[in-house]
Amino acid sequence: MMGKRDFWVRRIWAFAGVLTLILMSVGMYVTPVKSAAAANIGSVYVIPIEQKIERGLTSFMERGFKEAEEMEAGLIVLEINTPGGRVDQAEKIAKLIKSTQIPTVAYIRGDAASAGSFIALNADKIVMAKGSMIGAAEMVDGMGNRVEDAKIVAWWKSKMASAAGANGRETDIAEGMVDINMKVEMPEIGKTKNIGEIIALSADEALKVGYADKIAGSTNEVIEWMGYSTNDVFHMEQTFSEKLATFLTHPVVMTLLLFIGIAGVIIEVIVPGFGVPGILGTAAFVLYFFGNSVAGFAGSETWLLFIIGIGLLVMELFVPSFGILGIVGSGSLIFGVVRAAYSTSDVALSLGIAAACALVAIVVVALVFKERGIWKKFILSESLTKEQGYIPIEDRDVLIGLVGRSITPLRPSGTVELDGRRLDVVTEGSFIGSGRPVRVVKTDGTRIVVEEEIE
């Protein structure tokens, strides 16, 4: 009996185990476990950083973070591919990242060089794509030359180290991205950064030394890794004015605008009356300043310099100032152009090329329309001809022997009529009354000497 009972007990337990497994399997299909992609709630806001870091990008980022907070996004993804740029603007962007309550992840799709690496280090997480890099954050000036000032280098190095340390990353590596005068050991990748070198890490190297948290092939992969759904993703895009500003601030377009502006305004000044060159030139300058203003490069002071410059050049057309107004106006305009640009070196090159091309155009126009130039105001254009009654000095000898009649008494100078012309003459000392016949006896320079003709 005991054997049979044990047999049935074992059968019941086996049946119960199988039934439990079946119920668990069915439960997994009926009520599936939540995937990692659905673990966090909220939309994802993707902001691209794919240009030089300057004031325009800062304005773009400010708008992006504001919109992300207004839509109560659950995650902000920064798609980074930048050669770097202005350190002061990178610091402003970093403050935006650190001040938001929304989790941030930097997805380095290409390069996070220079100031771009600083932005990435301030994000909560860093994900890199294959073939991307982070580092090479050595400071350079507007001309591309290395900054040697020890205080400035120390300040930037401390900023990089602070950003790295805030997220638990090795600070020495961040400092080695900036300072060529330090040695950094990186045993994780079997490398040593020696004096005179700058650290730049590939995706694999960054992952091994802790400067990347993951390597991903797409933005969606990053989003899923962070635990968010890819069904509610908003990609921030530039507005029309921002796109226009990007086009207008392209070096080639900027050079073309400066060429048209310089040539148009100067041609209108030296060959007035057309109107078209002046309109085109002014419009080109307006587009130049508009593009740089929307991009965040130009402030209100550059518009003021532009208006003053154009105003003084217009006044030069109507107010005689011996060129002073034109020189001051041109100086104001040039200073405004330089002040409005992102890079002094870039605008100097564009301005030089534009000025050289404009000079050629101005010379051509001046030669073609030389009869209408402003220089006509300073050149005597009328000639004194014989038909108008003027006798050149070299022709006075032809008067010798001609007989005329005195119009006024000659005492000894006076006026006579000779061949239908009134001429001023003198006698050799004798008095001749009016209405008397006279003969030209000689000429001496401008003097015409006559004597009374005996009838």
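The values are calculated or read from the model by the stated rules, or taken from the named source; none is laboratory data. Computed from a prediction, not measured in an experiment: that's the story for all the values here. Every residue, glycine as well, gets a Cβ built from its backbone with ideal geometry; the counts of neighbours run over all protein chains shown. The area values use the complete protein model at the heavy-atom level, side chains included, leaving out ligands, DNA and RNA. Shrake-Rupley method; radii C 1.70, N 1.55, O 1.52, S 1.80 Å.
Data table
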| item | result |
| --- | --- |
| Selection status of I195, modelled with pLDDT of 95 or more, assigned by the TED database to the domain that holds G64 and within 30 Å of A137 (Cβ to Cβ) | no |
| Matching residues, segment 209-241, being aliphatic (A, V, I, L, M) and more than 16 Å from T104 (Cβ to Cβ) | V209, I215 |
| From G190, G131, residue being over 23 Å from E54 (Cβ atoms), exposed (fewer than 13 other Cβ atoms within 10 Å of the Cβ) and in contact (Cβ under 8 Å) with a residue 24 or more places away in the chain | G131 |
| Close pairs from segment 147-161: first β-branched (V, I, T), partner open to solvent by 50 Å² or more (accessible area, probe 1.4 Å) and outside any helix (DSSP H, G or I), Cβ under 8 Å, at least 6 apart | V147/V140; V147/D141 |
| Single residue of V364, V338 found to be at pLDDT below 80, out of contact with any Cys (no Cβ under 7 Å at 6 or more places or on another chain), of a type outside the set (D, E, K, R) and assigned to a helix (DSSP H, G or I) | V338 |
| Extreme residue, surrounded by the fewest Cβ atoms within 10 Å (Cβ to Cβ), among residues of segment 298-335 that are of a type in the set (G, A, S) and modelled with pLDDT of 75 or more | S300 |
| Residue list for segment 98-123, restricted to those being assigned to a loop (DSSP other than H, G, I, E, B) and over 13 Å from A212 (Cβ atoms) | T100, Q101, I102, P103, S114, N122 |
| Number of positions in segment 222-244 that are closer than 17 Å to I80 by Cβ and free of Cβ contacts under 8 Å to residues at least 60 places away in the same chain | 1 |
| Qualifying position, being modelled with pLDDT under 95, open to solvent by 70 Å² or more (accessible area, probe 1.4 Å) and among the hydrophobic types (A, V, I, L, M, F, W, C), among M61, M71 | M71 |
| Members of segment 193-214 found to be open to solvent by less than 40 Å² (accessible area, probe 1.4 Å) and not in a loop (DSSP other than H, G, I, E, B), listed by number | K193, L201, A203, E205, A206, V209 |
| Conditions (1) out of contact with any strand residue (DSSP E or B) (no Cβ under 6 Å at 6 or more places or on another chain); (2) within 23 Å of A341 (Cβ to Cβ); number of the one not met by T100 | (2) |
| Residue within segment 176-187 that is open to solvent by 60 Å² or more (accessible area, probe 1.4 Å) and hydrophobic (A, V, I, L, M, F, W, C) present | no |
| Flag if A295 is open to solvent by less than 30 Å² (accessible area, probe 1.4 Å), touching a residue at least 60 places away in the same chain (Cβ under 8 Å) and either within 30 Å of T58 (Cβ to Cβ) or under 15 Å from the mean Cα position of the chain (by Cα) (or both) | yes |
| Criterion: small (G, A, S), open to solvent by 30 Å² or more (accessible area, probe 1.4 Å), at pLDDT 90 or above and on the phi < 0 side of the Ramachandran plot - qualifying residue of A150, A154, A120, A112 | A154 |
| 2 or more residues among the basic types (K, R) and more than 60 Å from the chain's Cα centre (by Cα): qualifying strands (runs of 3 or more DSSP E) within segment 392-455 | 421-426, 437-444 |
| Hey, F259 within 13 Å of A361 (Cβ to Cβ) and either of a type in the set (G, A, S) or not assigned by the TED database to the domain that holds T58 (or both) or not | yes |
